[in-house]
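Working notes, beginning with the structure itself.
No lab work stands behind these numbers, since they all come straight from the coordinates. Fair warning: this is a prediction, and the values are worked out from it, not measured in the lab. For neighbour counting, all protein chains shown are included, and Cβ atoms are generated from backbone atoms with ideal geometry for every residue, glycine included.
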Amino acid sequence: QSGSVAANPEQYDESYLCPVQVGGQTLNLDFDTGSADLWVFSTLTPASESTGHAKYNPKTSGKAKSGYTWNISYGDNSGASGTVYADKVVVGGVTATSQAVEAATSVSTQFMQDTDNDGLLGLAFSTINTVQPQQQTTFFDTVKGTLAKKLFTVDLKAGTAGTYDFGYIDNSKYSGTITYVPVKTTNGFWEFTAGAATANNRSLGSVGDAIADTGTTLMYLPTAVTSAYYAQISGSTNSADAGGYIFPCDADVPDFHIAIGGKSFTVPGEYINFTPADNSGEQCFGGIQPNTGIGFTILGDVFLKAMFVVFDQTTSAPRLGFAAQ
Ligand SMILES: C[C@H]1CC[C@H](NC(=O)Cn2ccnc2)CC1
């Protein structure tokens, strides 16, 4: 089988939500290549934490995996936990007849407050799924044996709906050629080595170890690369108050170029002029921030919405394919 689902941007492209049928009920989920749990707001989530969200009711068709629990925390200190059911999950017409559906019994305030978000659908490697006592597979791992090709593609867009395609590559969605790089799976991420970064034809240094993460909004780059980039934006500062680099909203923000697999890819400066940093709208928050304390680079939505990316498990060695949109 194969299929395609829309990826609808939230305000400022902060995250992208996709309609998914869970036990016959449609929920809007944040597809996250940086984690491996499919969890949903549910009738088991306290009303005080779930008003405004669509909820999965396991009573209608779910089969409890009694004694199975899950508990996840993300890099931004958000998190959720709960119990586990097996149920039918359909994404863009691709059907998992019995997928582990992790029903939330508790969610953190960040999830409580984003009422458009009804849960997450993890697309990292199942080795980092949090279900106990028996780890479960991601939606992709559950269905991949039934897909025309064991791959999915990500085509996020700036300010408009993109797509996640499963089982095929739509050649109309990218320009030029797809450049493939090997993936290191030991941390459970779609992890690879990126190369040199440049802006205004000046070297910013090498990016190095990086993950492709649809669940993260911004780009978190090595501190040396980040500071060299903002040195080219007059009036930019790394503001503890704002929580990162900011600059005047009318500044000239240079395009960011990154080498992957020997090819250069461009993130337009306008994507890096990300959001107003305060209510005055005078200062704007940068789409590139330092990866301090993370230990690797995270190429999130600011990067991905300039790209067409193939998450490929067609062979025993997973690989990532990158093309310009
Ligand atoms: C400092 C960075 C901050 C952002 C972090 N990303 C995430 O937490 C991704 N995510 C998944 C679910 N909710 C959020 C990565 C570290």
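Secondary-structure-derived ellipticity at 222 nm for the chain, considering helices only, amounts to -2000 deg cm²/dmol, per-run term -39500 (n - 2.57) for DSSP H runs with n ≥ 4.
Counted over the chain, the DSSP beta bridges are approximately 85% antiparallel.
Amide H to amide H distances under 5 Å link Y68 with V84, where only residues 5 or more positions off or on other chains count and H is placed in the peptide plane. Looking at this model, which pairs from K149/K184; K88/K150; K55/K305; K65/K184; K63/K157 are more than 27 angstrom apart at the alpha-carbon? Check vs 27 Å cut-off fails for K55/K305; K65/K184; K63/K157. Among N57, N187, N77, which one moves the most in a GNM of the chain with springs linking Cα atoms closer than 10 Å? Looking only at N57, N187, N77, the largest GNM fluctuation is found for N77. For the range 245-259 versus the range 102-141, the inter-centroid distance based on Cα atoms is 33 Å. Output the relative contact order of the range 185-275, whole-number percent, from Cα pairs under 8 angstrom with separation of 6+ residues. For the range 185-275, the relative contact order is 26 percent.
Do you know the relative contact order of the range 58-133, to the nearest whole percent, from alpha carbon pairs under 8 angstrom that are 6+ apart?
Details: 107 pairs, mean separation 23.1, N = 76.
Relative contact order, the range 58-133: 30 percent.
Among the GluC sites (Glu not before Pro) within the range 191-298, those in coil by DSSP and having at most 16 neighbouring Cβ atoms inside 10 Å are E282.
As a proxy for reagent exposure, K150, K88 were ordered by neighbouring Cβ count within 10 angstrom, fewest first; the result is K88, K150. Lacking any other cysteine beta-carbon closer than 4.7 Å, the following Cys residues of the chain have no compatible partner: C18.
The mean sequence separation of alpha-carbon pairs under 8 Å and at least six residues apart, normalised by the residue count of the range 93-228, gives a relative contact order of 15 percent. Which one of A80, A196, A242 has the biggest mean-square fluctuation once the chain is modelled by GNM with Cα springs under 10 Å? Maximum fluctuation in the GNM of the chain, among the listed residues, is at A242.
For C249, C18, C284, the sequence from fewest to most other C-beta atoms within 10 Å is C249, C18, C284.
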